[in-house]
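Asker: Shown below is the structure under consideration.
The values are calculated or read from the model by the stated rules, or taken from the named source; none is laboratory data. Because the structure is a prediction, the values reported are computed rather than measured. Please note: Cβ atoms are built from the backbone with ideal geometry, for glycine as well, and neighbour counts cover all protein chains shown.
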Amino acid sequence: MKENDSGFYLVREEILPEAIKKTIKVKEMLKSGEARTVNKAVLMANLSRSAYYKYKDYVFPFFEASRNKIVAINLLLSNRPGVLSSVLNTISGDQGNVLTINQGIPRQGVASVALTIETELLTVDLEALLDKLRMVAGVKRLEILGHGD
């Protein structure tokens with residue numbers, strides 16, 4: 001088995017231990033101003049200060065991890081005029097920078113498109129951009145292939 005070079009993994013929230021979920025909640029409360037101090041936030045989240053300090057530097061939302069990064073996504077698009085153009089316009093509308101486009105030959109009415117996007121200047125978080133892309137007419141599927149520097 002090959003070892004992960006980066007030490008980062010995408011993990012669905014529902015399988016995380018409660019202490020990690022609460023640590024994320026504390027970080028969100030501090031960032032939003034809902035709680036002004038760590039003491040207040042951990043009390044509100046019913047988390048010990050020691051657990052918060054143990055995990056705080058190791059957990060963060062995906063969109064935060066992808067900021068100032070290059071993100072690779074794969075899309076399955078309907079083979080209709082303007083679908084890819086709408087996807088690209090959606091990305092550029094939020095100041096995403098498309099670095100590469102690799103489109104396969106359409107088969108059975110759909111085409112696979114791989115994009116790499118630079119997220120440094122995004123005006124929305126990556127999750128919001130991905131939600132917008134999923135809503136573009138003709139986008140059948142969207143999956144994140146990975147991200148890096």
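Asker: Residue under question is ARG49, and the condition is that it be surrounded by 13 or more Cβ atoms within 10 Å (Cβ to Cβ) and modelled with pLDDT of 85 or more; does it hold?
Answerer: Details: surrounded by 13 or more Cβ atoms within 10 Å (Cβ to Cβ): yes; modelled with pLDDT of 85 or more: yes.
Taking the combined requirement at face value, the residue satisfies it.
Asker: Quick check, is SER66 surrounded by fewer than 16 Cβ atoms within 10 Å (Cβ to Cβ), over 18 Å from ARG141 (Cβ atoms) and either modelled with pLDDT of 90 or more or touching a Ser or Thr at 6+ places or on another chain (Cβ under 9 Å) (or both)? Quick ask: steps written out before the conclusion?
Answerer: On the way: surrounded by fewer than 16 Cβ atoms within 10 Å (Cβ to Cβ): no; over 18 Å from ARG141 (Cβ atoms): yes; either modelled with pLDDT of 90 or more or touching a Ser or Thr at 6+ places or on another chain (Cβ under 9 Å) (or both): yes.
Considered against the rule, which asks whether it is surrounded by fewer than 16 Cβ atoms within 10 Å (Cβ to Cβ), over 18 Å from ARG141 (Cβ atoms) and either modelled with pLDDT of 90 or more or touching a Ser or Thr at 6+ places or on another chain (Cβ under 9 Å) (or both), SER66 comes out as no.
Asker: Looking at (1) over 24 Å from the mean Cα position of the chain (by Cα); (2) surrounded by fewer than 18 Cβ atoms within 10 Å (Cβ to Cβ); (3) assigned to a loop (DSSP other than H, G, I, E, B), which is the only condition GLU34 fails?
Answerer: (1)
Asker: Still on this structure: Which of the residues spanning the stretch 37-62 are assigned to a loop (DSSP other than H, G, I, E, B) and either more than 26 Å from ALA128 (Cα to Cα) or aliphatic (A, V, I, L, M) (or both)? It would help to see each step written out before you state the result.
Answerer: Of the residues in the stretch 37-62, the ones assigned to a loop (DSSP other than H, G, I, E, B) are 37, 46-48, 56-61.
THR37, ASN46, LEU47, SER48, VAL59, listed by residue number.
Asker: OK, next. Consider ILE91 against the criteria (1) more than 17 Å from the chain's Cα centre (by Cα); (2) not in a strand (DSSP E or B): it satisfies all of them except one. Which criterion is unmet?
Answerer: Only one criterion in (1) more than 17 Å from the chain's Cα centre (by Cα); (2) not in a strand (DSSP E or B) is unmet by ILE91, namely (1).
Asker: Looking only at the stretch 80-135, count every residue that is of a type outside the set (Gly, Ala, Ser), loosely packed, with under 14 Cβ neighbours inside 10 Å, closer than 23 Å to PHE60 by Cβ and out of contact with any helix residue (DSSP H, G or I) (no Cβ under 6 Å at 6 or more places or on another chain) and tell me the total.
Answerer: Count: 5.
Asker: Related question: Condition first: of a type in the set (A, V, I, L, M, F, W, C) and either at pLDDT 85 or above or surrounded by 12 or more Cβ atoms within 10 Å (Cβ to Cβ) (or both). Now tell me which residues in the stretch 136-149 satisfy that.
Answerer: Taking the stretch 136-149 first, the residues of a type in the set (A, V, I, L, M, F, W, C) are 136-137, 139, 142, 144-145.
Selection gives VAL136, ALA137, VAL139, LEU142, ILE144.
Asker: Which residue pairs have Cβ atoms closer than 8 Å, lie 6 or more positions apart in sequence or on different chains, and pair a first residue in the stretch 94-110 that is free of Cβ contacts under 8 Å to residues at least 12 places away in the same chain with a second residue that is part of a strand (DSSP E or B)?
Answerer: GLY104/ALA111; GLY104/SER112; GLY104/VAL113; ILE105/ALA111
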